[in-house]
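The values are calculated or read from the model by the stated rules, or taken from the named source; none is laboratory data. Because the structure is a prediction, the values reported are computed rather than measured. Ideal geometry is used to build each Cβ from the backbone, glycine not excepted, and the neighbour counts take in all protein chains shown.
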Amino acid sequence: MNSLMLQISELSYRYSGARSTPLTFPSFALPQGQHAIILGPSGCGKSTLLHLLAAILSPQQGTLQVAGIDITSLSRHAADAWRGRTIGFLPQKLALVASLTVHENLRLAPYAAGMAADASRANELLRALGLQDKANAKPHQLSQGQQQRVAIARAMFNCPKLVLADEPTANLDDAACAAAIDLIESQAAEAGASLVIATHDARVLQALPDAAVLRLSASKETAPCA
Amino acid sequence: MRLNAFSLALKSLRHKPLSTALTLLLMAIGIAMMSFVLSASRQLEEGALRDAQGIDLVVGAKGSPLQLILSSIYHIDIPTGNIPLAAQAQLAQNRLVKKVIPLALGDSYAGFRIAGTNADYIAHYGGKLALGKLFDAPLQAVLGSQVATRTGAAVGMTFAGSHGLARGGEEHKDAPFTVVGILQPTGTVLDRLVLTPVESVWRVHEIVNGIDVNDKEEKAAMDEERELTALLVQYASPLAAVSLPRMINSRSELQAAQPAFEAAKLFRMLGVGIDVLRGIAAIVLLSAALSMFVALYNALEERKTDLAILRVLGASPHKLMLLLLAEGLLLTTLGALLGWSLGHAAVEVLGRLLSNDQNLSLSGAIIAPDEVWLAAVALAVGLLASVLPAMRAYRTDIATTLSR
């Protein structure tokens with residue numbers, strides 16, 4: 001039996017503010033090497049769950065184990081260090097740093113995680129993503145697709161165990177959607193990482209037919225909207 | 001280039017060239033004003049102290065004591081008048097007096113004052129010959145280093161003095177001086193003087209006025225009327241300070257002025273202006289700090305997503321805080337270096353402009369000890385301006401920022 005990459009049990013999170021309703025998430029387990037899709041309509045807590053999985057947010061209740069570590073028990077500092085080394089995060093906004101070149105944007109990953117920067121790793125990723133001639137370009141000189149590839153390369157730089165992608169296919173046409181999922185999956189496989197995608201886009205299900213699916217609904221009993 | 005807080009801060013600053021340049025400029029102007037005021041006032045004060053060092057009293061004609069000090073020690077004002085030659089001998093015999101140095105002024109050469117005096121004056125300022133010898137006869141001249149450099153005069157050369165202490169006076173062509181020596185630089189008023197025996201000053205005016213110096217009767221009559229401009233006095237004991245000035249001032253034709261007292265008075269008067277300049281510089285510096293704060297704060301708003309991404313990639317809140325502090329410190333350091341260079345360049349330019357007046361000596365290469373404080377002030381300004389944005393960066397809410 002495969003060991004688990006992800007295990008969620010009786011997890012709930014409540015944003016600060018008197019009016020906010022707690023978000024509760026169904027229990028879920030993901031074996032290592034497998035992929036999962038968190039599916040649900042906009043505002044049902046998909047991004048919140050991804051932030052919980054990345055130890056960006058800390059749940060008020062429940063257990064949350066990633067790669068065998070109970071991340072709810074980590075201190076803030078330890079959670080930052082753990083995230084830098086374990087998680088590859090692809091936010092919905094590509095968020096490349098405008099003042100840095102493509103190469104520097106990639107090297108931001110080891111800098112932030114306090115790891116030794118490896119220029120050859122950056123070159124290798126750029127080659128793999130067909131961006132070798134854009135190493136010295138600034139983000140504004142890239143197309144949307146190229147920017148997404150840089151963001152993917154940056155998420156993969158530190159060889160994460162778990163890749164979390166938030167709405168990676170939003171605003172993409174069918175062909176671009178399939179290409180993006182294919183690229184993320186192949187890069188995650190290259191890094192030997194499991195992949196969790198949060199999306200409301202049903203096309204992702206077709207692109208990753210073998211992935212486990214965690215459905216969230218806007219129902220108040222399970223996962224009210226954030 | 002290796003990525004670290006400073007290289008990232010530098011790249012971020014270069015990404016907004018206009019905003020960075022304006023903040024830098026404001027900071028540089030504040031620091032430039034501060035360093036200019038500190039360096040120039042310090043040099044003027046030190047120069048004034050050096051020139052007055054060892055001179056306890058100046059005795060001259062009645063008038064403004066400050067004018068007497070300015071004309072006899074700093075050679076930047078017209079003398080109050082003349083005093084009888086006999087006063088020198090009378091003072092020299094006083095047991096409270098250690099040394100009396102005579103000064104006879106009235107003429108100039110190429111804008112530099114010709115000072116009739118004796119070898120004691122040169123020794124008092126530590127003057128040493130670079131070339132030639134000291135004067136030992138009337139109409140021989142020893143040039144201060146600055147005079148020699150500026151006029152290009154050499155030993156053996158002759159020149160005619162001009163009447164009066166400013167340029168453009170009538171030349172005494174019938175009584176030319178011969179340069180017999182050139183002094184090494186001393187950093188004192190000596191560098192800006194043409195030194196000659198007191199007798200030279202008398203001789204020039206005797207020749208000009210057509211008096212036959214070989215006629216014994218005429219010479220005897222002249223000797224009785226001989227005058228000096230001032231006497232520089234060194235006390236034999238501190239007790240002299242109590243009684244000697246009062247004793248001299250009680251004589252109707254003489255006044256005694258104390259350089260320490262008059263210089264302090266002068267600097268008190270100048271101090272008001274210097275304080276105003278310092279105040280203006282402080283306001284500019286404060287504006288620079290505010291401008292830097294606004295620039296960093298606004299930039300923070302624009303870079304919230306960048307900071308959130310850094311946190312997602314594993315950067316601790318401390319790392320983000322350090323990044324913002326590095327940006328503030330980098331701006332401050334660059335602004336301070338630029339301002340300091342500008343301030344000293346301005347002192348150098350002012351020194352060169354003033355060197356035409358041969359009164360004041362200023363150099364951009366001299367650093368006032370107080371300027372060390374400027375570095376600390378600049379650092380404090382940078383920290384103050386960046387600490388609040390850094391605190392905000394520390395508290396970056398990743399989840400909210402990424403969800404927007």
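Before moving on, here are some points about what is shown:
- Qualifying residues in region B:229-245 (those that are modelled with pLDDT of 90 or more and of a type outside the set (A, V, I, L, M, F, W, C)) - the one farthest from residue B:91 (Cα to Cα): B:229
- With respect to the conditions (1) part of a loop (DSSP other than H, G, I, E, B); (2) farther than 25 Å from residue B:399 by Cβ; (3) out of contact with any helix residue (DSSP H, G or I) (no Cβ under 8 Å at 6 or more places or on another chain), residue A:205 falls short on a single one, namely (1).
- Residue within region B:238-258 that is farther than 22 Å from residue B:156 by Cβ, polar (S, T, N, Q), in a helix (DSSP H, G or I) and touching a residue at least 12 places away in the same chain (Cβ under 8 Å) present: yes
- Checked against (1) surrounded by fewer than 22 Cβ atoms within 10 Å (Cβ to Cβ); (2) modelled with pLDDT of 90 or more; (3) within 14 Å of chain A (Cβ to nearest Cβ), residue B:19 meets all criteria but (2).
- Index of the failed condition, residue B:1 passing every other in (1) more than 14 Å from chain A (Cβ to nearest Cβ); (2) surrounded by fewer than 22 Cβ atoms within 10 Å (Cβ to Cβ): (1)
- Flag if residue A:87 is more than 9 Å from chain B (Cβ to nearest Cβ), under 18 Å from the mean Cα position of the chain (by Cα) and β-branched (Val, Ile, Thr): no
- Flag if residue B:226 is touching a Ser or Thr at 6+ places or on another chain (Cβ under 9 Å) and either loosely packed, with under 15 Cβ neighbours inside 10 Å or modelled with pLDDT of 85 or more (or both): no
- Hits in region B:290-334 - residues which are at the interface with chain A (Cβ under 9 Å from one of its Cβ atoms), assigned to a helix (DSSP H, G or I) and of a type in the set (S, T, N, Q): B:305
- Counting only residues that are closer than 16 Å to residue B:111 by Cα, touching a strand residue (DSSP E or B) at 6+ places or on another chain (Cβ under 6 Å) and surrounded by 19 or more Cβ atoms within 10 Å (Cβ to Cβ), region B:130-158 holds 7 of them.
- Cβ pairs under 8 Å, 6+ apart, first in region A:36-47 and over 14 Å from residue A:170 (Cβ atoms) and within 11 Å of chain B (Cβ to nearest Cβ), second part of a strand (DSSP E or B) and among the β-branched types (Val, Ile, Thr): none
- Which listed residue, of B:68, B:13, B:57, is surrounded by 21 or more Cβ atoms within 10 Å (Cβ to Cβ), within 14 Å of chain A (Cβ to nearest Cβ) and in contact (Cβ under 8 Å) with a residue 40 or more places away in the chain: B:13
- In the condition set (1) within 24 Å of residue A:167 (Cβ to Cβ); (2) more than 17 Å from the chain's Cα centre (by Cα); (3) within 11 Å of chain B (Cβ to nearest Cβ); (4) not hydrophobic (A, V, I, L, M, F, W, C), residue A:92 is compliant with all but (2).
- Of the residues making up region B:364-401, those that are charged (D, E, K, R) and closer than 25 Å to residue B:296 by Cα are B:392, B:395, B:397.
- Residue among A:118, A:166, A:173 that is among the charged types (D, E, K, R), surrounded by fewer than 19 Cβ atoms within 10 Å (Cβ to Cβ) and within 14 Å of chain B (Cβ to nearest Cβ): A:118
- Within region A:187-205, the set of residues being of a type in the set (S, T, N, Q) and either under 21 Å from residue A:51 (Cβ atoms) or at pLDDT 90 or above (or both) comprises A:194, A:199.
- The residues of region B:41-64 that are more than 22 Å from the chain's Cα centre (by Cα) and small (Gly, Ala, Ser), listed by number, are B:60, B:61, B:63, B:64.
- Residue count for region A:156-180, restricted to those that are part of a helix (DSSP H, G or I), in contact with a helix residue (DSSP H, G or I) (Cβ under 6 Å, 6 or more places away or on another chain) and at pLDDT below 90: 2.
- Test: residue in region A:139-153 that is more than 21 Å from the chain's Cα centre (by Cα), within 13 Å of chain B (Cβ to nearest Cβ) and modelled with pLDDT of 90 or more: yes
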